[in-house]
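One structure is given here, and the rest of the page talks about it.
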Amino acid sequence: MATDAHGAAQGAQQAGGMPQLDFSTWPNQIFWLLVALVLIHQLLTRVALPRIGAVLAERKGTITNNLAAAEELKQKAKEAEAAYIQALADARAESAKIVAQAKADIQADLDIATATADAEISARAAESERRIAEIRASALESVTEVAKDTAKELVAALGGKVDARSVTAAVNARLKG
Amino acid sequence: MAETGGLQIHPMDQFIVKPLFNDGAVHWYTPTNVTLWLLLAVLAIGALMVLGTRRRAIVPTRSQSVAELIYGFIHDMVEDVAGHEGVKYFPYVLTLFLFILFANVLGLIPMSFTTTSHVAVTVVLALAVFLGVTLLGFARKGVGFLGMFWVSSAPLALRPVLALIEIISYFVRPVSHSIRLAGNLMAGHAVLKVFAGFASVALVSPVAIGAMTAIYALELLVAVIQAYVFTILTCVYLKDAVGDAHH
């Protein structure tokens, strides 16, 4: 409370009432102010400012270094990615080549097999044709034989004299006709 | 002094300078309440700026962070306002700022003594800035320092008039510089005491205490802003002495 402090310093106070304008206290205030300012200045320039400045510089350096390292790592990651993409593309090309090679090999094998099969088929077909012709020929021969024998038997049965040569000639003529 | 019936309010008593240890006269060397609160300000500044930063951590602690914040704030202010050349005088500007800030804020502790509410203190600060800037200006620029009074961009006929006005305003600087700070602090603290006096009357005490709370908050703002204003004006004056003409 304001009234508490009133008694003690009453003697020093002016009638005017503004302690700020009591010039008798000015030397005291100015002296101690200068002491305080010099102390603050010494504290700052000798200890605080170099310390804070160093800390700030160190932090800036650390941040700059870390940023540079991060940039470098980013660059490395990019390079790795590029290498990966390159490897992927190479692998794709390689596999495409292998596929093409395999396809060509298979095609060649297939061609050979096809050709072999074709040859075999045509050989078999020829064989079959030959046998069919054989069978046909033998059948024709049999027919001639049967016709001659039948004609002979018929002639003999009808009481004629069998002349083998003329029967054969007659059957042949008939068969041709 | 206000007097309301039996109520005695002495809002100016808080500013009385009195010896710490006896009731004798105040000599220039006598330890007084001024001495106590000035040294408390020094200790508080030391606690923040020296003890608070003792770990030198890359990732700062809270107190170190505040110290770095103040350092960066004032450093940027000096560099932005006074220019690159002004950075040499950064320690002096920071001394002023920290002293005024801590004196103002410590003065807001109840029953404390506000050193910066005394004209004696602020006049010394303002004169130090004024004389420092003037001497520095002449030392760096010689007679050319007077060129700032000669407004070469104005019409020739107006220049003498403008020079007169400039010179007057130059010499008014320390007055406004010091009275602004002391006046703000003194007025705020006196108003607080007046309301504190009214608070002892039961009828109006809720209002008075509410008003004290509000004014206290305002005074906290004023304490910081006046420290900032004093410092930035110091930088503006410093620019006249060290800055380039074309900035």
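The values are calculated or read from the model by the stated rules, or taken from the named source; none is laboratory data. As the structure is a computational prediction, the values presented were derived from the model and not from experiment. Please note: Cβ atoms are built from the backbone with ideal geometry, for glycine as well, and neighbour counts cover all protein chains shown.
Can you tell me which residue within region B:199-221, out of those that are in contact (Cβ under 8 Å) with a residue 60 or more places away in the chain and in a helix (DSSP H, G or I), is farthest from residue B:7 (Cα to Cα)?
B:220
Restricting attention to region B:98-121, does a residue exist that is touching a residue at least 60 places away in the same chain (Cβ under 8 Å), under 30 Å from residue A:17 (Cβ atoms), within 7 Å of chain A (Cβ to nearest Cβ) and of a type in the set (Val, Ile, Thr)?
The answer is yes, given that some residue of region B:98-121 is touching a residue at least 60 places away in the same chain (Cβ under 8 Å), under 30 Å from residue A:17 (Cβ atoms), within 7 Å of chain A (Cβ to nearest Cβ) and of a type in the set (Val, Ile, Thr).
Just checking, does region A:48-58 include any residue being over 15 Å from residue B:64 (Cα atoms) and not aliphatic (A, V, I, L, M)?
no
What pairs come out if I take residues in region B:76-88 that are among the small types (Gly, Ala, Ser) and pair them with residues that are at pLDDT below 90 and not in a helix (DSSP H, G or I) whose C-beta lies under 8 Å away, six or more apart or interchain?
Within 8 Å, the pairs are B:82/B:243; B:83/B:243; B:83/B:244; B:83/B:247; B:86/B:243.
Could you check how many residues of region A:24-45 are in contact with a Leu (Cβ under 6 Å, 6 or more places away or on another chain) and more than 7 Å from chain B (Cβ to nearest Cβ)?
0
Quick one: residue A:14 ticks every box in (1) modelled with pLDDT of 95 or more; (2) not in a helix (DSSP H, G or I) except a single one, so which number is it?
Result: residue A:14 passes all but (1).
Out of the residues in region B:23-53 that are of a type outside the set (A, V, I, L, M, F, W, C) and crowded, with 20+ Cβ neighbours inside 10 Å, state the one that is farthest from the other protein chains (Cβ to nearest Cβ).
B:52
Among (1) more than 18 Å from the chain's Cα centre (by Cα); (2) within 25 Å of residue A:44 (Cβ to Cβ); (3) in contact (Cβ under 8 Å) with a residue 40 or more places away in the chain, where does residue B:45 come up short?
So residue B:45 meets the others, but not (1).
Of B:187, B:208, which residue is within 12 Å of chain A (Cβ to nearest Cβ), hydrophobic (A, V, I, L, M, F, W, C) and surrounded by 14 or more Cβ atoms within 10 Å (Cβ to Cβ)?
None of the other options fit; the residue is B:187.
Return the only residue of B:196, B:163 being in contact (Cβ under 8 Å) with a residue 12 or more places away in the chain and crowded, with 18+ Cβ neighbours inside 10 Å.
B:196 is the lone residue from the list that is in contact (Cβ under 8 Å) with a residue 12 or more places away in the chain and crowded, with 18+ Cβ neighbours inside 10 Å.
Look through A:48, A:104 and report the one residue that is small (Gly, Ala, Ser) and under 30 Å from residue B:29 (Cα atoms).
Going through A:48, A:104 in turn, just one is small (Gly, Ala, Ser) and under 30 Å from residue B:29 (Cα atoms): A:48.
Out of all the residues in region A:46-73, which are within 7 Å of another protein chain (Cβ to nearest Cβ), β-branched (Val, Ile, Thr) and either within 54 Å of the chain's Cα centre (by Cα) or not in a helix (DSSP H, G or I) (or both)?
Result: A:55, A:62.
Scan (1) without any contact (Cβ under 8 Å) to a residue 12 or more places away in the chain; (2) facing chain A (nearest Cβ under 7 Å); (3) within 25 Å of residue B:113 (Cα to Cα) for the single condition residue B:12 breaks and write down its number.
(1)
Which of the residues that make up region B:142-182 are closer than 30 Å to residue A:20 by Cα and basic (Lys, Arg)?
Once the filter is applied, which keeps residues that are closer than 30 Å to residue A:20 by Cα and basic (Lys, Arg), region B:142-182 yields B:173, B:180.
Is at least one residue of region B:68-76 more than 10 Å from chain A (Cβ to nearest Cβ) and among the small types (Gly, Ala, Ser)?
no
Checking residue B:113 against (1) more than 30 Å from residue B:40 (Cβ to Cβ); (2) surrounded by 14 or more Cβ atoms within 10 Å (Cβ to Cβ); (3) not basic (Lys, Arg), only one condition comes out false. Which one?
Among (1) more than 30 Å from residue B:40 (Cβ to Cβ); (2) surrounded by 14 or more Cβ atoms within 10 Å (Cβ to Cβ); (3) not basic (Lys, Arg), residue B:113 violates only (1).
In this structure, does residue B:182 turn out to be within 14 Å of another protein chain (Cβ to nearest Cβ) and within 24 Å of residue B:74 (Cα to Cα)?
Judged against the criteria, residue B:182 is a match.
Listed here are the residues, each with its yes/no results for (1) surrounded by fewer than 10 Cβ atoms within 10 Å (Cβ to Cβ); (2) of a type outside the set (A, V, I, L, M); (3) more than 60 Å from the chain's Cα centre (by Cα).
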residue: A:90; (1), (2), (3): no, yes, no
residue: A:93; (1), (2), (3): no, no, no
residue: A:99; (1), (2), (3): no, no, no
residue: A:107; (1), (2), (3): no, yes, no
residue: A:116; (1), (2), (3): no, yes, no
residue: A:126; (1), (2), (3): no, no, no
residue: A:132; (1), (2), (3): no, no, yes
residue: A:141; (1), (2), (3): no, yes, yes
residue: A:165; (1), (2), (3): yes, yes, yes
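Consider region A:131-164. How many of its residues are within 23 Å of residue A:175 (Cβ to Cβ) and either part of a loop (DSSP other than H, G, I, E, B) or at pLDDT 95 or above (or both)?
5
Kindly evaluate residue A:54 against the criterion of being closer than 30 Å to residue B:66 by Cα, of a type in the set (Gly, Ala, Ser) and at pLDDT 95 or above.
no
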